[in-house]
Amino acid sequence: MEDYAIKISDLSKKYQIGQLKSTSLRESLFNFSKTKEENYFWALKDINLTIQPGEAVGIIGKNGAGKSTLLKILSKITYPTSGKVEINGRVSSLLEVGTGFHPELSGRENVFLNGTILGMRRNEIKSKFDEIVDFSGVGNFIDTPIKHYSSGMKVRLAFAVAAFLEPEILIIDEVLAVGDADFQKKCLGKMEEVTGEGRTVLFVSHNMGAIEKLCTSGIQLNNGMIQTIGNIQEIITSYMQFNTSSVQRHSIKERRGNGALIVESLRITNEFGIEIHQIKSDMNIRIEMDYSIQNHAFDFSRLIVGIGIKDFNGDNLLLHHNRLTGQLFNNSQVLGSHKIIFTLDNLGLNVGDYSIHYSVMQDTEYIDHSDQVLTFEVTSQFPFNYQELPPKSSSKFLRRAEWSIE
Amino acid sequence: MSKTTITSASSRKLNLKELFDYRDLFWVLAYRDLRVRYAQTFLGLLWAILQPLSTLLIFTLIFGRAIKVDTGNIPYPLFALCGMSAWSYFAFVMNQSGTSIIGAQEMIKKIYFPRLVIPLSKSLVAFVDFGIALAMTIVLLFYYNIPITPSIFIFPVFVLLNILFALGVGIWLSSLTIRYRDFQHIVPFLVQLGLYASPIAYPAALIPEKYKVLYYLNPMSGIVEGFRWAILNTPPPGVYSLISFGLVFIIFFSGLWYFKKMERTMADLI
């Protein structure tokens, strides 16, 4: 018997550009011209790879790098243009959770439907049914049509079915991007269990944390080709360098203040608290400050927390602090780590580089302050109703505005 | 441990073992269709009875009473219902499986299973309507006091031919529709045309001799005649019906062949 789980040799897949979709009968009957070679693109090109049994491999790469195409070929959903894949073992692929779910059917019926689609036998589902319901936390709603479920419940039920698959090789595409944080943690735990059981796992995700946790080795794809193969840490590091984010967090070294409260780090997130790496002018952003209280040599309700934005030349563009809007903090905070959130609607900055500084004060005394803790670039793109951008020298800001004649 | 090899070379072989392994999927998909079909309707399954009943009523009024079609010693409603039972099965399967692959595109793009399961499962769903039509036929047989004769033993053969033909057309249409959406619009037209091009509301004996070859190029002609022979003990289908039966097999197997040919590119095309 061979010692590999998956062996990929010279695998290539090309797609036709444009006419990827079905054609009409008329086109087919009256269009005799051959499609030219330049109307193709290679989604995958000359992939060679061997995966050992029990290996957990993370596949990373930018959108369009060929990750999904590779998983689709391994799942037999689409077929290669050339090359060969040999697989030893029963494969289950999870390119989506809840495939085939029907809103009119009850949770119970959908478990059987989805489980069967995923390749489980009826008896297998029956024997695991209670565990599945238990894991999903859907409870008494199991006999309710799932159209009445919240989207979170649907995802939990769907993932629960998938979690009880017992293949030798498991292929997973970005399915953890759904559900709330608690459930994601639960799913990660379940998947760690699966990888720990010595199954071969192929995992695609943009969540580097999850990949690092689950995988031992990694593959970085770029433009349909393997850029690097190796240890998962190396791959993640190389990928991060390769994909520089437009937001740079700097460690806070030079501080000023008495240090009764210390700001540990700052990050820019979207409205939902998810960290963002590409900043655009018309975004609503949040700046989250993680802080820890060192001692109680200050009065919380008299605290002034400020955030400022400077442009690349060091000119101040914006300053805001909580007293400006009369939002004083209450005094109930105890020692420990917490975060302060500054929400800014319509960032409105012209394209370019900026830095963020912060200060925490009581009356006129600095508690903590540091410059340039975060630098970010607003990327070129037309915000609001702009058709072109004014030069930065004449307009530092981009605002929603209109013209008319009366 | 199972071993799989994936290459660019397309396999035209029908993997019956694999189809058998996925037998649960047939049932579960058919069950889903049935459950969903009458979900949130007030009358529920009663619709499956009302629909053929209303067609039967119209046929009886127009062809039986107004035009007075000659159906020999068979009462017209029974005569028509017998033909309708065969036709409704065929029309349902053709209609449903024709668009079945397009309808299941979300599944096809996300998971592997033998694609043939999808149109095949539609032939299971149609048995509900078929069963209802047959039950109504039996009721009428008792009502008109018409005895069941030994010719009933041939009935399974014609049921099988009906299934093969319905599936053959359905499989053809399901794979053609992926490539050419035009076929979506052809199906309703075929259903309408076929209803009158087959001996459902009238006996095939009405067709002039010189058009018989053409008439039996429609396999439903032979199948409907066969249904009547088996259930109502009318004269067996004539020699022309062999054209019908031959075509059933040609359409079914060529449909399988074309479906297998298209199967690998389905996820890329839809």
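No value in this document is a laboratory result; all are computed from the given coordinates. Here the structure is a predicted model, which means the values were calculated and not measured. All Cβ positions, glycine included, derive from the backbone under ideal geometry; neighbour counts span all protein chains shown.
Of A:SER393, A:SER127, A:SER251, which is the most mobile in a GNM of chain A whose springs link Cα atoms less than 10 angstrom apart? Its mean-square fluctuation being the largest, the pick is A:SER393.
Couplings 3J(HN,Hα) for segment B:105-111, derived from phi with the Karplus relation 6.51 cos²θ - 1.76 cosθ + 1.60 (θ = phi - 60°), are 4, 4, 5, 5, 7, 10, 8 Hz, where x marks Gly and Pro.
Counting every other Cβ atom within 10 Å of each residue's Cβ, A:HIS369, A:HIS148 order from fewest to most as A:HIS148, A:HIS369. Straight Cα distances below 19 angstrom link A:LYS396 to the lysines A:LYS280, A:LYS310, with same-chain residues fewer than 8 positions distant left out. Kirkwood Rh, Cα Rg: Rg to Rh for segment B:90-193? Here the Rg-to-Rh quotient is 1.10. Placing +1 on the Cβ of each Lys and Arg and -1 on the Cβ of each Asp and Glu in segment B:88-195, which of B:LEU173, B:ILE146, B:LEU160 has its Cα farthest towards the positive end of the resulting dipole? Positive-end residue among those listed: B:LEU173.
Contact order, relative form, for chain B: 27 percent (alpha carbon pairs under 8 Å, 6 or more residues apart, mean separation divided by residue count).
Mind giving me the FRET efficiency for B:LEU53 and A:GLN233? R0 is 60 Å, r the Cβ-Cβ distance, nearest 0.05 is fine. My answer for the efficiency is 0.25.
Report the FRET efficiency, 1/(1 + (r/R0)^6), for B:ILE148 and B:ASP182, where r is their Cβ-Cβ distance and R0 is 56 Å, rounded to 0.05. Working shown, then result.
Values: r = 44 Å, r/R0 = 0.79.
Efficiency, from the Cβ-Cβ distance: 0.80.
Straightening the chain between B:ARG65 and B:LEU160 buys 30.9 nm, computed as 0.36 nm per residue apart minus the Cα-Cα spacing. Using the basic label-point model (7 angstrom from Cα toward the beta carbon), what is the A:GLU166 to B:LEU214 distance in nanometres? Label-label distance for A:GLU166 and B:LEU214, simple model: 6.4 nm.
Each Cα pair under 8 Å and six or more residues apart adds its separation to the average, and for segment B:53-129 the resulting relative contact order is 28 percent. Choose one answer from A:TYR358, A:TYR15, A:TYR386: the residue with the largest mean-square fluctuation in a GNM of chain A with alpha-carbon springs under 10 Å. Greatest mean-square fluctuation among the candidates belongs to A:TYR386. Here the Karplus curve 6.51 cos²θ - 1.76 cosθ + 1.60, taken at θ = phi - 60°, turns the phi angles of segment A:340-347 into couplings of 10, 10, 10, 9, 10, 7, 6, 2 Hz, with x standing for Gly and Pro.
Put simply, segment A:242-304 fits an ellipsoid with semi-axes of 28, 15, 9 Å; these come from the alpha carbon gyration tensor as the roots of five times its eigenvalues, largest first.
Apply 1/(1 + (r/R0)^6) to the Cβ-Cβ distance of A:ASP10 and B:ILE250, taking R0 = 41 Å, and write down the FRET efficiency to the nearest 0.05. Intermediate values should be presented prior to the final figure.
Details: r = 40 Å, r/R0 = 0.98.
The value I calculate is 0.55.
Averaging the sequence gap over all C-alpha pairs within less than 8 Å and six or more residues apart, then dividing by the number of residues, gives chain A a relative contact order of 14 percent.
Taking a point 7 Å from the Cα of B:LEU19 along the Cα-to-Cβ direction, the residues of segment B:80-102 with backbone N closer than 18 Å to it are B:93-94, B:97-98, B:100-101. Arranged from fewest to most other beta-carbon atoms within 10 Å of their beta carbon, B:TRP27, B:TRP229, B:TRP87 become B:TRP27, B:TRP229, B:TRP87.
An ellipsoid equivalent to segment B:1-144, defined through the eigenvalues of its Cα gyration tensor, has semi-axes of 40, 17, 13 Å when rounded to whole angstrom and sorted largest first. Put the Cα centre of segment A:258-273 next to the Cα centre of segment A:297-323 and the gap is 12 Å.
Pairs from the list A:LYS128/A:LYS185; A:LYS190/A:LYS213; A:LYS14/A:LYS45; B:LYS122/B:LYS261 with a Cα-Cα gap above 19 Å: A:LYS128/A:LYS185; B:LYS122/B:LYS261.
Any idea how far the Cα center of segment B:113-169 sits from the one of segment B:6-58, in Å? So the separation of the two Cα centres works out to 14 Å. In this structure the amide hydrogen of A:THR78, modeled in the peptide plane, comes within under 5 Å of the amide hydrogens of A:ILE73, none closer than 5 places in sequence on its chain. Label-to-label distance for A:SER265 and A:TYR386 is 3.1 nm, based on points extended 7 Å past Cα in the beta-carbon direction. Placing a pseudo-label 7 Å from each Cα along the Cα-to-Cβ vector at A:ARG399 and A:LEU319 gives an inter-label distance of 2.1 nm.
Counting every other Cβ atom within 10 Å of each residue's Cβ, B:VAL139, A:VAL91 order from fewest to most as B:VAL139, A:VAL91.
Under the rule of -39500 (n - 2.57) per DSSP H run of 4 or more residues, summed and divided by the residues of the protein assembly as shown, what mean residue ellipticity at 222 nm is obtained, to the nearest 500 deg cm²/dmol? Display every interim value, and only then the final one.
On the way: 21 runs with 268 residues, N = 676.
Taken over the protein assembly as shown, the calculation gives -12500 deg cm²/dmol.
A straight chain from A:GLU406 to A:GLU104 at 0.36 nm per residue would run longer than the Cα-Cα distance by 103.2 nm.
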